[in-house]
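K.L.:
Before we start, here is the structure in question, set down as structure tokens.
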Amino acid sequence: MEPGQDLVAAGFAGLEGARQIALARRKELTQWFSDRFIMDMQQEQVPAIDSGSHDWKSLGAAEWEEAGEGGIYTALWNISGAYMLGFTVDLLRIPVKQSTIEVCEWYGLNPYRLFSRNCMVFAAEHGERLTEALAEQGITAGIIGRVNPGIGREIVYGQVRGFMERPREDELYRIAGPEDRKKEDMEHEREDSGGNGEEQPY
């Protein structure tokens, strides 16, 4: 991973966390959402994406990180920290299902800090080629930012710019306790690597 490379997100941020919320809080959710909406969330199927599911290098990836506990934010933190590099990421470019956004808005959750199985972050010299290759595999993906020199982890949302906070407890814990999901689904280890100095609440 090197400065100047594109950052690509594959899969959907927070989708698995939203699905588990729909399973754990179905009765509660029916007060605000239709049965069909909730059922569709519970039965959401996406292509399996993890470190061993494809030959990512052959598709054009230079480095990659699975998004699991802590969501896509933790994946971005980890992949940049492993190389002591920074990045600029546009939140509006991160793939997120509308159903995930609606459930997160209702509960006051951040979808980018929500459990995200079958979601990955890649660094690539040619991000557009990688997204095309992923699309051929049936995987939704898009360029979300760029790797920068230094260690600043910059987040852009419209006209607002700030720095990413350190990873914290997954948003799913605020809604569904450990008894509501399998522990192995939340396992995601990587060495933590420092901060950015002054941090903003993203």
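Throughout, read-outs are computed from the coordinates displayed, never taken from laboratory work. Computed from a predicted model, the values in this text were never measured in an experiment. All Cβ positions, even for glycine, are placed from backbone atoms using ideal geometry, and neighbour counts span all protein chains on display.
K.L.:
Rounded to two decimals, what ratio of Rg to Rh does segment 27-104 give with C-alpha atoms and a Kirkwood Rh?
P.N.:
1.06
K.L.:
Give me the number: length gained by fully extending residue 173 to residue 157, i.e. 0.36 nm times residue separation minus the C-alpha to C-alpha distance, one decimal in nm.
P.N.:
Gain in length upon complete extension: 3.2 nm.
K.L.:
Packing-wise, with mean Cβ within 10 Å as the measure, how do 38-50, 17-29, 108-120, 64-76 rank, highest first?
P.N.:
Descending mean neighbour count gives 64-76, 108-120, 17-29, 38-50.
K.L.:
Now, a different point. Segment 4-21 to segment 103-143: how many Å between their Cα centroids?
P.N.:
First find each Cα centre; the distance between them is then 4 Å.
K.L.:
Please get the size of the charge dipole for segment 1-123, origin at its Cα centre, with Cβ charges of +1 on Lys and Arg and -1 on Asp and Glu, quoted in debye to the nearest 20.
P.N.:
400
K.L.:
Excluding residue 125 itself, calculate the net charge of residues whose Cβ lies under 9 Å from the Cβ of residue 125, where each Lys or Arg counts +1 and each Asp or Glu counts -1.
P.N.:
-1
K.L.:
If you don't mind, another one. Tell me, what is the FRET efficiency for residue 107 and residue 36 to the nearest 0.05, using R0 = 22 angstrom and their Cβ-Cβ distance as r?
P.N.:
0.65
K.L.:
At what distance in nm do the modelled label points of residue 82 and residue 51 sit from each other, each positioned 7 Å from its Cα along Cα→Cβ?
P.N.:
A separation of 0.6 nm, rounded to one decimal place.
K.L.:
Between residue 128 and residue 28, what is the spin-label point distance in nm, taking each point 7 Å from the Cα along the Cα→C-beta axis?
P.N.:
Simple spin-label model gives 4.5 nm for this pair.
K.L.:
Follow-up question, since we're still on this one. Sorted from largest down, give the three principal axis spans of the alpha carbons of the chain, whole angstrom values.
P.N.:
48, 40, 34 Å, listed from the longest principal axis down.
K.L.:
What number, in percent, do you get for the relative contact order of the chain if the mean sequence gap of Cα pairs under 8 Å and at least 6 apart is divided by its residue count?
P.N.:
The value is 36 percent.
K.L.:
Hey, what's the per residue convex hull volume over the C-alpha atoms of segment 111-159, in cubic angstrom?
P.N.:
120
K.L.:
Among 32, 17, 45, whose Cα projects farthest towards the positive end of the dipole of segment 1-85, with charges put on the beta-carbon of Lys, Arg (+1) and Asp, Glu (-1)?
P.N.:
Of the candidates, 32 comes out farthest on the positive side.
K.L.:
Another question, then. Binning at 5 angstrom from zero up to the longest distance, how are the C-alpha pair distances of segment 1-65 distributed in percent?
P.N.:
Over segment 1-65, the share of Cα pairs per 5 Å bin runs 3, 14, 20, 15, 12, 10, 9, 8, 6, 1 percent.
K.L.:
With the contact rule set at Cα under 8 Å and sequence spacing of 6 or more, what percent relative contact order holds for segment 9-114?
P.N.:
44
K.L.:
In whole Hz, with x marking every Gly and Pro, tabulate ³J(HN,Hα) for segment 112-125 from phi via Karplus 6.51 cos²θ - 1.76 cosθ + 1.60, θ = phi - 60°.
P.N.:
Going residue by residue, I get 7, 10, 9, 2, 9, 5, 6, 9, 9, 10, 10, 10, 8, 5 Hz, with x marking Gly and Pro.
K.L.:
Using +1 at the Cβ of each Lys and Arg and -1 at the Cβ of each Asp and Glu in segment 1-138, identify which of 59, 7, 75 lies farthest towards the dipole's positive end.
P.N.:
Toward the positive end, the furthest listed residue is 75.
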